[in-house]
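The values are calculated or read from the model by the stated rules, or taken from the named source; none is laboratory data. In this text the structure is predicted, and so the values were computed from the model without any measurement. With ideal geometry, Cβ positions are generated from the backbone for all residues, glycine too; neighbour counts draw on all protein chains shown.
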Amino acid sequence: MSVKKEGSYVSPFRALKQLVKKPHTVQIPKVVKPPAERYRGFHTNNLEVCIGCGNCSRVCPDNAIKMVPFPEYARKEPGSMPLRPQVDYGRCCFCALCVEVCPTGSLQMVRTFTHVDEKKDSFVFIPDSKVVHETPDFVLDTKNLRRK
Amino acid sequence: MSQTKTIDLFFGPQHPGITGNFSVRVTVDGDTVVKAQVIPGFLHRGFEKLMEMRHWIQGPALICRICVPDPDHSETGYATAVERLAGIEVPERGRYIRSLMLEMSRLSAYLFYFGGYAGSIGLYTVGQWGVGDRDYILDLFEELTGARVYHIFNFPGGPRWDTPPGFEDKVDKLMDFLEKRLKEFDKLYFNNRVFIKRARGTAPMTKAYAQKMEVTGPNARATGWAIDVRKDDPYAAYPDLDFDIITQKEGDNYARVIQRRMEFEQSIDLIRQITRKLRKMPRGNVRVTPNPLHWKIPPGEAYGAVESSKGELGYYVVSDGGIGPYRMQARGPSISHGVQVYEEMVVGQRVADVAALMFSLDVCPPDIDR
């Protein structure tokens with residue numbers, strides 16, 4: 001045990017040596033720290049592979065996923081429905097339960113997590129194969145942080 | 001003889017000396033507190049009722065929000081209760097990953113705690129160091145779970161995924177770093193005479209009082225009461241790990257802080273035991289969960305408790321055979337520490353110690369309100 005009973009008035013001043021050390025913080029946006037491989041950000045959905053079963057909507061704990069009609073995807077295979085998930089990112093908690101229960105594996109999550117807009121409707125959209133803002137998934141979208 | 005005039009002072013909810021959205025009205029006579037009344041309720045979100053509307057699998061996405069600095073214990077407490085109810089046996093590797101997460105969560109909560117108490121007595125550097133070092137733990141959480149604060153990872157049946165390749169080495173490297181940092185913290189904080197003079201002898205609690213008021217966790221162990229859910233009602237991988245219950249004697253602010261500092265060292269040792277074991281185990285099998293959308297649990301009731309960084313955190317779950325809990329009740333440590341105990345212990349203390357006592361008891365207002 002290195003805790004002493006009486007303590008010292010001098011020992012805290014040894015912390016001053018930290019002043020000559022490098023800081024632990026990074027300067028965003030000059031330095032971009034990529035999120036981890038497993039980071040849970042926005043969704044992508046392969047609309048051709050998706051069968052519109054609605055499992056993602058049923059398992060969502062926040063009621064963030066609504067199945068919306070997509071008549072162009074009406075197919076005759078059993079279990080296939082002309083519906084596709086629409087995600088409300090004002091409600092989504094990024095738990096990824098929807099991704100876990102997707103039977104086709106079409107619904108996935110990418111590492112992009114930044115979206116800034118003054119219109120609230122822009123936070124509700126139908127995920128497709130493109131990543132939001134069409135940026136690579138490991139770069140912070142600093143351009144969109146500035147107001148247009 | 002004329003009566004002294006007393007003044008009512010409001011601490012919180014917007015006050016740096018309060019641990020969150022919480023308020024205390026103290027009546028002071030000069031510099032001494034003569035009466036205190038806590039005002040909780042600013043964070044009431046109705047978790048217990050909300051759980052009744054959810055599937056068994058949806059619980060962890062909600063209840064991790066009960067205690068923000070230490071969310072993994074909430075998830076695991078609920079998961080343990082549901083596993084006992086459903087008779088599920090978590091695979092060995094899953095149990096070890098769960099314990100690894102819980103100890104990492106304890107470390108990050110204690111780093112917050114060190115900074116919180118030090119800030120309340122004017123030693124602000126400790127808080128900056130604590131939050132900075134905590135971020136390295138959050139980086140590892142991000143790698144393991146995909147999220148930094150609310151991990152939503154410990155489901156009934158086991159943790160969600162196996163560890164990524166090389167994760168154990170990264171954890172060991174971080175433990176070496178934290179052990180080195182703990183020596184720096186000793187110099188700056190735990191051996192700081194300003195801290196010792198302010199904390200020693202302030203608001204002492206006896207073992208008998210702790211037992212009467214249902215005080216648990218490090219606050220109880222600081223009085224000399226050897227109580228620990230990890231030993232008394234083992235869960236996850238704790239039955240296989242080698243550790244002793246650490247206790248102090250005095251039960252004052254100093255003992256409560258030093259108790260956590262000693263447990264910080266113990267957690268580092270536990271994490272090293274876990275990573276050693278994880279390296280030897282076959283990878284892959286970590287979780288057993290039936291189809292989450294059609295998962296029904298037979299009628300019954302069960303209680304699962306975990307030793308969180310604040311004390312015993314338990315979940316009582318009742319099933320009527322449906323797809324979600326019929327009733328869920330949480331037993332949090334902060335309701336006894338922050339309401340009953342705090343109101344009594346703060347009487348007789350100086351105004352300067354109102355915030356210090358709250359931080360030393362490690363009160364978590366979201367856990368009080370729920």
**Q.** Candidate set: the range B:295-326, residues that are out of contact with any Phe, Trp or Tyr (no Cβ under 9 Å at 6 or more places or on another chain) and in a strand (DSSP E or B); chosen: the one surrounded by the most Cβ atoms within 10 Å (Cβ to Cβ)
**A.** B:Leu313
Q.
Please go through the range A:26-39 and give me each residue that is in contact with a helix residue (DSSP H, G or I) (Cβ under 8 Å, 6 or more places away or on another chain) and either modelled with pLDDT of 80 or more or of a type in the set (D, E, K, R) (or both), ordered by number.
A. A:Pro35, A:Ala36, A:Glu37, A:Arg38, A:Tyr39
**Q.** Residue that is surrounded by the most Cβ atoms within 10 Å (Cβ to Cβ), among those in the range B:255-275 that are within 16 Å of the chain's Cα centre (by Cα) and basic (Lys, Arg)
**A.** B:Arg256
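Is there a residue in the range A:69-80 that is of a type in the set (A, V, I, L, M), more than 14 Å from chain B (Cβ to nearest Cβ), more than 16 Å from the chain's Cα centre (by Cα) and part of a loop (DSSP other than H, G, I, E, B)?
Step one: list which residues in the range A:69-80 are of a type in the set (A, V, I, L, M), which gives A:74.
Those left that are additionally more than 14 Å from chain B (Cβ to nearest Cβ): A:74.
Of the ones still in play, those that are also more than 16 Å from the chain's Cα centre (by Cα) are A:74.
Those left that are additionally part of a loop (DSSP other than H, G, I, E, B): A:74.
Looking for residues that are of a type in the set (A, V, I, L, M), more than 14 Å from chain B (Cβ to nearest Cβ), more than 16 Å from the chain's Cα centre (by Cα) and part of a loop (DSSP other than H, G, I, E, B), one finds at least one in the range A:69-80, hence yes.
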Q. So A:Val99 clears everything in (1) facing chain B (nearest Cβ under 9 Å); (2) modelled with pLDDT of 85 or more except one condition, right? Which one?
A. (1)
**Q.** Number of the condition not met by B:Glu143 [criteria: (1) over 21 Å from the mean Cα position of the chain (by Cα); (2) outside any helix (DSSP H, G or I); (3) at the interface with another protein chain (Cβ under 10 Å from one of its Cβ atoms)]
**A.** (2)
**Q.** The one condition in (1) more than 13 Å from B:Arg370 (Cβ to Cβ); (2) free of Cβ contacts under 8 Å to residues at least 40 places away in the same chain that B:Lys49 fails to fulfil
**A.** (1)
Q | Count of residues meeting criterion [out of contact with any Gly (no Cβ under 9 Å at 6 or more places or on another chain), under 15 Å from B:Gly311 (Cα atoms) and either free of Cβ contacts under 8 Å to residues at least 40 places away in the same chain or not polar (S, T, N, Q) (or both)] in the range B:233-281 | A | 8
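Among A:Phe113, A:Phe94, which is the only one that is part of a loop (DSSP other than H, G, I, E, B), within 11 Å of chain B (Cβ to nearest Cβ) and buried (at least 18 other Cβ atoms within 10 Å of the Cβ)? Before you say what the answer is, go through the steps one by one.
Numbers: A:Phe113 fails: buried (at least 18 other Cβ atoms within 10 Å of the Cβ).
Answer to the selection: A:Phe94.
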Q. So, in the range B:276-335, of the ones that are of a type in the set (Asp, Glu) and within 18 Å of the chain's Cα centre (by Cα), which residue ends up nearest to B:Tyr96 (Cα to Cα)?
A. B:Glu307
**Q.** A:Gly52 vs. criteria more than 12 Å from every other protein chain (Cβ to nearest Cβ), at positive phi and surrounded by 19 or more Cβ atoms within 10 Å (Cβ to Cβ)
**A.** yes
Q.
Which residue is farthest from B:Gly314 (Cα to Cα), if the candidates are limited to the range B:203-213 and must be touching a residue at least 60 places away in the same chain (Cβ under 8 Å) and crowded, with 20+ Cβ neighbours inside 10 Å?
A. B:Ala203
Q) Considering the range B:214-251 alone, what residues qualify as being crowded, with 21+ Cβ neighbours inside 10 Å, within 17 Å of the chain's Cα centre (by Cα) and farther than 20 Å from B:Tyr113 by Cβ? A) B:Tyr235, B:Ala236, B:Tyr238
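Of the residues B:Ala79, B:Ala36, B:Ala61, B:Ala109, only one is in a helix (DSSP H, G or I) and closer than 30 Å to B:Gly348 by Cα; which? Write out each step before concluding.
Values: B:Ala79 fails: closer than 30 Å to B:Gly348 by Cα; B:Ala36 fails: in a helix (DSSP H, G or I); B:Ala61 fails: closer than 30 Å to B:Gly348 by Cα.
That would be B:Ala109, the only listed residue that is in a helix (DSSP H, G or I) and closer than 30 Å to B:Gly348 by Cα.
In the range A:30-46, how many residues are surrounded by fewer than 17 Cβ atoms within 10 Å (Cβ to Cβ) and either within 19 Å of the chain's Cα centre (by Cα) or on the phi > 0 side of the Ramachandran plot (or both)?
Our first condition is that a residue be surrounded by fewer than 17 Cβ atoms within 10 Å (Cβ to Cβ); within the range A:30-46, this holds for A:30-34, A:37, A:46.
Of the ones still in play, those that are also either within 19 Å of the chain's Cα centre (by Cα) or on the phi > 0 side of the Ramachandran plot (or both) are A:32-34, A:37, A:46.
Qualifying residue count for the region: 5.
Of the residues B:Ile258, B:Ile196, B:Ile227, B:Ile246, which is within 13 Å of chain A (Cβ to nearest Cβ) and part of a loop (DSSP other than H, G, I, E, B)? Walk me through it before giving the result.
Details: B:Ile258 fails: part of a loop (DSSP other than H, G, I, E, B); B:Ile196 fails: part of a loop (DSSP other than H, G, I, E, B); B:Ile227 fails: within 13 Å of chain A (Cβ to nearest Cβ).
After ruling out the rest, the residue left standing is B:Ile246.
Quick grid of which residues meet (1) of a type in the set (Gly, Ala, Ser); (2) under 30 Å from B:Arg160 (Cβ atoms); (3) buried (at least 17 other Cβ atoms within 10 Å of the Cβ):
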| site | (1), (2), (3) |
| --- | --- |
| B:Phe22 | no, no, yes |
| B:Leu50 | no, yes, no |
| B:Arg54 | no, yes, yes |
| B:Gln58 | no, yes, yes |
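Could you pull out the residue among B:Ala222, B:Ala147 that is touching a Cys at 6+ places or on another chain (Cβ under 9 Å) and free of Cβ contacts under 8 Å to residues at least 60 places away in the same chain? Full working, then the answer.
On the way: B:Ala222 fails: touching a Cys at 6+ places or on another chain (Cβ under 9 Å).
Exactly one of B:Ala222, B:Ala147 is touching a Cys at 6+ places or on another chain (Cβ under 9 Å) and free of Cβ contacts under 8 Å to residues at least 60 places away in the same chain, namely B:Ala147.
Suppose we filter B:Tyr124, B:Tyr110 for residues that are under 19 Å from the mean Cα position of the chain (by Cα) and of a type in the set (Phe, Trp, Tyr); which single one remains? Break it down into steps so the answer makes sense when it comes.
Details: B:Tyr124 fails: under 19 Å from the mean Cα position of the chain (by Cα).
Of the residues listed, the single one that is under 19 Å from the mean Cα position of the chain (by Cα) and of a type in the set (Phe, Trp, Tyr) is B:Tyr110.
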Q) Considering the range B:347-369 alone, what residues qualify as being assigned to a loop (DSSP other than H, G, I, E, B) and crowded, with 23+ Cβ neighbours inside 10 Å? A) B:Leu361, B:Asp362, B:Val363, B:Cys364
